[in-house]
Every structure is written in structure tokens, then in C-alpha cells.
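Here the structure is laid out as C-alpha cells; the discussion comes afterwards.
Here, each number is a calculation from the coordinates, and none is a lab measurement. From a predicted model like this one, the values you see are computed outputs, not experimental measurements. Here the Cβ positions follow ideal geometry from the backbone for every residue, glycine too, while neighbour counts run over all protein chains shown.
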Amino acid sequence: MISCRGKPLTPETKKHIVSVKQYFDQNKLMPAEPSVKRTAEAIGIGVATVKRIMADYNRDPNLLNEPTKMRGRPVHSVSASYQESVRSYVRAANNKGEHITLADIRDFLKKEYADESFHKATLARTLNRWGFEFGKGVRSQHLKEKDHVVAARQRYLREMRSNRVPGNNAATIRPEVYLDESYVNKNHSNDFIWYYGEDGPWVQKPTGKGERLIIINAITASGWIPGSKLVFKSTRKTGDYHGQMNWDLFKKWFTEMLLPNIPEHSLIIMDNASYHNILSEHSPPTPKSSKKKIKEWLEQNKIYCRDDCLKPELVEILTKIAPEPIYAVDEIAASFGHKVLRTPPYHPELQPIETCWGVAKNHIARNCDFTVNNLIKQLDGGFNKVTAKTCAKIIAKIRKIEDEFWATDIKMDM
């Protein structure tokens, strides 16, 4: 058998089927059976498949060279790992003043990731979620990043650049601490292995992803922060780590395992996860706050509103006068002499610890035996792969990306 049920046939396999069919057509064997049936039995595929391939061949032999179209429902998600390459492609096209559409981006992704399929509607929703919008340019319509994303990135880059020692790009005024959360499943392993063609692959990978470990840790340019690693077993097998994290758990880790182990006057860098952005008791309300809380804050600040005001009316007033929100984790960090800085939305490429997760998970995938005990053991081995030298190189690369963003944003603004 040269095919596997459910997997598309390669062009070479299709040509082989045509050759076998033509052989049976030319050599009439006894007992007499249709050559289509003989071909199907000899190769181990369905009669309908043979008929379909021969129909394509008779219509146009070049059709055999085209890859088989994926059947069934299209994939309804686009991996976040493509975010960086899509942003670079869109920004390069914007910078050149080129017209860019969804079809252009889908063609780019197909060229870069030939094994993946990208549904147009799904891609449109993904781009919107990543902070892009389809708007009117100076002379033509084009895809661009949303203003609030660009503004957030510029504020972040300004803070990061002001923390550098003048004349020494590698040194910083405040020590920079990058924290993040991730997860890894028991069955996390490499899908591709070497095997003897006639025997086929013998490794039997269990179905499903298996039990899950949630991980919290932090790095500096000197490597992992000693004593800051927290690993615990998830009670849910679906979704990502966000479903298992909450403010109480994060606060306990932040105050008991991170703050005591980081350098003095650190700049703590994190993403915009919801449990990172819990409002302080001293914070003004936000548009997401309850109507009661917004009204009480306005009255405390001598801004009286009619009793029959709807919440949208109160929010309209609030957005004009309210200062920036104050987050609970920022207050905790400030009480220890540290400062919190958040990466702009949808920018994992600016967070070096994301690459550290990749190094650790690659080690786990190469040494997986589909047991939790081994997963815990290999997780330690994966963390050991991330050395001070590794972190220094990753952070140096991130600084180059920051400089590219800074220069390109200024150029596009002009």
C-alpha cells in the first residue's frame, strides 16, 4: 500500500496509479476483471480514487502535478506564530506605498508556509484581532495597523530606549526583567521521525494532547531568575494557560517568588493579560467598570450627572476627564522600588521570554515518552538549555527589532 486513508495523494503517487492502470489496460489478465478494480486492489486505494485520477489525467496530464486540495471544513484559526512575519510583510508593503489586500497576504502565507491552509474569512478576522485595519490611504485603499496599536508600541519603545545607557546599547539603567506564563502538554512531541519506507512509522502517538502543566517564570540578560519558576498541573485540558490563571495566583507568585529574587530598581516587563491589569483600589474607573462605580467616581470629583443618565453617557464624560488607570500589580512593584512596563498588544516578537519557551519546549518534544513524570523531568532539562548566553543573545536581537520598529514608524509617519 502506498497511500494512507485520509491523507492527500502526492503527484508521484498519482503518476504511479496512472502507470499501473495503463499496464493492466495493455495486459489482459485472466480471470477478466476491470483494470480499474485491479489497480485499486494492487495499490490499496478505492476504485473511485482511481477513476478520479484517470479522469484528471485524460483531461490534462499536467493536473497530476497539482497538489491535492484539502477536503472538508477549512481551518478556522491562524497560528499566532505567523503574526511577526505578517506584520513585517504588511509594513514593508505600506512603506513602499503598494496596494495590499487579503488575497496578497494569503498568497504570502501560502508561499511561506506551503503545508498550511488559510481561509480568507478567518484570515480577515485574525488580522482584525492582531490590530490591523483595512482603511483608505493617501491614494488607495490599503491594510494598516490600528492607531491604538501603533501608539501603544511607540510609548513602549520610548520607555525601553530611555532605559538604555547612552553609547552602550547592551547596558541598561534599570535591570530589565521579562516575565510570562506558558503551558506544555504531556503528549508534546515531534511529529516527524525517520523510518524505513516499507515498514512505515512504528511510533504510536497517543490521541489528544494529554495532561497539561502551567509554567510561570522570568528572565533577565543573565538567564532565568533564581527561585521564580512555578509549575503546576492544570485542571483543564482545553484552551491555553489564561483559563487557569487568575489575579490571586499571579499576585502570590509575583510577591513571594519574583520580587524577592530580582535586582533592585528593576523594570518589570509583561504582556497585557487580564490578570496583569486588575485595577487598584485607588484607580479611577474605566469604561468596562459598572455604571454605579463610574457614577460614584464622577460625583466624588464634583462632576454631577442626572439620575436618568445612561451608562454610555457616563462613559462619554469619563473618557474626557479620567486619568490613566492604576493597576494593582504596578502599585505592588512600586512599593518595592520597581517599575512595570507592558508590551504593546499583539507583539510577541518584543518579548524575549517567548523564544526561551520555544527552546525549552523543543527539548521536551525531542525527549517525549508521553508520561507526566518524564514531562516534568524534561521540563527541567529544557530550562537548563536556556543559559545566560542564550538570554543575552535573544535580548540583543529584540533590541534590534525595537530599533527597526522605531525607525520604520517614524518613516511611515512622515
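Below is a table of values for the structure above.
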{"read-out": "Peptides 325-336, 402-413, 262-273, 300-311 ordered by average Cβ neighbours within 10 Å, highest first", "value": "262-273, 325-336, 402-413, 300-311"}
{"read-out": "Local electrostatic count at ASP403 - Lys and Arg +1, Asp and Glu -1, tallied over other residues with Cβ under 12 Å", "value": "+2"}
{"read-out": "Calculated from backbone phi, Karplus (6.51, -1.76, 1.60) coupling profile of the stretch 217-230 in Hz, x at Gly/Pro", "value": "7, 8, 10, 10, 5, 9, x, 5, 6, x, x, 9, 6, 10"}
{"read-out": "Tensor-based shape of the stretch 11-65 (alpha-carbon gyration tensor, a/c under 1.5 rounded, otherwise prolate or oblate)", "value": "prolate"}
{"read-out": "Relative contact order for the chain, counting Cα pairs under 8 Å that sit 6 or more residues apart, in percent", "value": "14"}
{"read-out": "Value of Rg to Rh for the chain (Rh from inverse mean 1/r over Cα pairs, i.e. Kirkwood)", "value": "1.07"}
{"read-out": "Ranked packing of 175-181, 353-359, most packed first, by mean Cβ within 10 Å", "value": "175-181, 353-359"}
{"read-out": "Ordering of 47-55, 211-219 by burial proxy (mean other Cβ atoms within 10 Å per residue, highest first)", "value": "211-219, 47-55"}
{"read-out": "nm² value of the averaged projected area, convex hull over the Cα atoms of the stretch 80-145", "value": "4.1"}
{"read-out": "FRET efficiency, ARG306 to TYR275 (Cβ-Cβ, R0 22 Å, nearest 0.05)", "value": "0.05"}
{"read-out": "Residue-count net charge about ILE321 - beta-carbon cut-off 14 Å; Lys, Arg +1, Asp, Glu -1", "value": "-1"}
{"read-out": "TRP224 long-range amide H proximity, modeled H, under 5 Å", "value": "none"}
{"read-out": "Amide H contacts under 5 Å for ILE268, placed H, 5+ residues apart", "value": "VAL177, LYS339, VAL340, LEU341"}
{"read-out": "Within the chain, percent of DSSP bridges classed antiparallel, to nearest 5", "value": "75"}
{"read-out": "Other-chain or far-sequence residues with amide H under 5 Å of TYR183's (modelled H)", "value": "ILE215"}
{"read-out": "Flagged links, alpha-carbon separation over 21 Å, of LYS252/LYS393; LYS229/LYS361; LYS229/LYS389; LYS14/LYS37; LYS96/LYS411; LYS144/LYS411", "value": "LYS252/LYS393"}
{"read-out": "Stretch gain in nm, segment ILE173-SER117, where the contour uses 0.36 nm per residue and the Cα spacing is subtracted", "value": "15.6 nm"}
